[in-house]
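Enquirer: I'd like to ask you about the structure that follows.
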Amino acid sequence: MRAIEWIFPHGSRFVEVDMTGSASSVLKTDTRLLSENLFLNYGLESLFKDVAIIAGNVNYIIFDIDDYYTVQQYITSTFKTVLIGIVTHNEYNFIDEHHAIYRIKVDASIAEWRELLILAAAGQFFPRSEKVRLTANERNVLAMLVKGMDIRQISCELNVHLKTIYSVRYHVLTKLGCRTVLDYQILSVSKAFTHWLTINNVDNVISRVNSKVIA
């Protein structure tokens, strides 16, 4: 097993762990830990010293779920690619998945990791919630939240009752996997969420005509 530290021009540091031959001299298993969380990387490196990867010809890419869009460049067609997103708080079910993600909690046990790697290599997939879809009105309210507007400002801007805006915000946060406003505030500064907003053009969807439908 060898570990290589990658340092990119913009300052991000990644650790690549090559597990080639860890289970067999014939099978090739390439495991990459792609995360800016160095403590997480070190922990996973230690974990993999004790875990035998039994699947060959599989390209495992293990990353902090917030780095989903960053790791796309590491997906290869040479071997089967398995994406494993490590979840700390939010599962990021709103992400437009170009490649299916296996999700696992950051505090998962070695047994849970072993089971996941075996299932993933076999092509078995865990059921996940339905893809997140925001209504036009929810997108409008989210766009205003992104711009830093509070509930009262949104209510005044749309000329809609305060309770209605609270209700719409509740549904938006729920769909984004946030249980509290604090959860949303943490999510709002994440890389994946910011990128998702951009590719979905969320911050440019405000329309007075559509917004009036909320009332």
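Values in this text are rule-based calculations from the coordinates and carry no lab data. Just so it is clear, the structure is predicted and the values come from calculations on it, not from any experiment. Note that we place each Cβ from the backbone using ideal geometry, even for glycine, and neighbour counts take in every protein chain shown.
Enquirer: In a shell of Cβ-Cβ distance under 12 Å around residue 171, excluding residue 171 itself, what net charge do Lys and Arg (+1) and Asp and Glu (-1) give? If you can, show how the numbers build up before the last one.
Expert: Details: positive: 133, 139, 169, 175; negative: 138.
Neighbourhood net charge equals +3.
Enquirer: Could I ask something else about it? Which of the GluC sites (Glu not before Pro) found in the stretch 120-179 are loop residues per DSSP with 13 or fewer other Cβ atoms within 10 Å of their Cβ?
Expert: Sparse-neighbourhood loop GluC sites (Glu not before Pro): 130.
Enquirer: Measure up 147/191; 105/147; 147/175 against 24 Å on the Cα-Cα distance and list the ones that go over.
Expert: Numbers: 147/191 16 Å; 105/147 31 Å; 147/175 19 Å.
Exceeds cut-off: 105/147.
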